[in-house]
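Contents: one structure, followed by commentary.
Just so it is clear, none of the values below were taken in a lab; they were calculated from the coordinates. Quantities reported herein were computed from a predicted structural model and do not represent experimental measurements. For neighbour counting, all protein chains shown are included, and Cβ atoms are generated from backbone atoms with ideal geometry for every residue, glycine included.
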């Protein structure tokens, strides 16, 4: 069964303390891996799409990487405004094209 | 440029009632997908519509239905509401069926009492 697992469930960092979030997946026919940021009570905000192992993308303090089994979201020198839930999702081809399978997310808190 | 807009933002309904949620995609986007997000969980896929046709359906009962209009806006309908239907309902739009970059609205918070 397709599965997306994110770890840790929650992460508390001091401002400036870099760390990584993990997303592991067991999906056949991976079409893409997606990272989103979600603030409380809001819809997910698109961050990155990764398509193949070895690919990396960066945006401000965030860098996403992809291997054949997992993806990492690296946060460098985080600030309190980076506090949010980070969601990972995967997309498949074939009959489920267009459907995104989400993990439960990692709740990140950055304190001053 | 307007993003994905959903209405209403909040809704309280009684068990057994019917609800209609609405979504307007980003201009030029032809695909609309609906997701249900229960507190503490990731979004769960309900439907995808592309070019006004249903292109995918998740594991939800027949009480859930949707449609897409000629202007690509969409409605999600839920009949015979149950307490367990309480959730944040999210609409996502993308240019095409692949959802390569799917952009979400702010969601509709549905509470069933």
Förster-model FRET efficiency, 25 Å R0, residue A:3 and residue A:46, C-beta, rounded to 0.05:
0.65
How big is D for the protein assembly as shown, in µm² s⁻¹ as a whole number, if Stokes-Einstein is applied with the Kirkwood radius of its Cα pairs at 25 °C and 0.890 mPa s?
137 µm²/s
I need the Kirkwood Rh of chain B: take the reciprocal of the average 1/r across all distinct C-alpha pairs and report it in angstrom.
13.8 Å
Inter-chain shielding of A:99-110 (mean C-beta neighbours from other protein chains, 10 Å cut-off):
4
What average count of beta carbons from other chains do you get within 10 Å of the Cβ of residues in A:28-41?
2
How many angstrom lie between the Cα centre of region B:1-30 and the Cα centre of region B:44-113?
9 Å
Taking every residue in A:84-97, how many Cβ atoms of other protein chains lie within 10 Å of its Cβ, on average?
2
Mean projected area (nm²) of the alpha-carbon convex hull when chain A is viewed from all directions:
6.6 nm²
When a footprinting reagent is the concern and you count Cβ atoms within 10 Å, what order do B:98, A:85 take, fewest first?
B:98, A:85
Here FRET efficiency (C-beta to C-beta, residue B:82 to residue B:54, R₀ 30 Å, nearest 0.05) is 0.85
Going fewest to most other Cβ atoms within 10 Å around each Cβ, B:12, B:26 line up as B:12, B:26
Order of A:63, A:68 - criterion: other Cβ atoms within 10 Å of each residue's Cβ, fewest first
A:68, A:63
Show me A:14-21, B:104-111, B:36-43 ranked by packing, highest mean number of other Cβ atoms within 10 Å first.
B:104-111, B:36-43, A:14-21
Using label points projected 7 Å from each Cα along Cα→Cβ, tell me how many nm separate residue B:22 and residue A:81, to one decimal.
3.4 nm
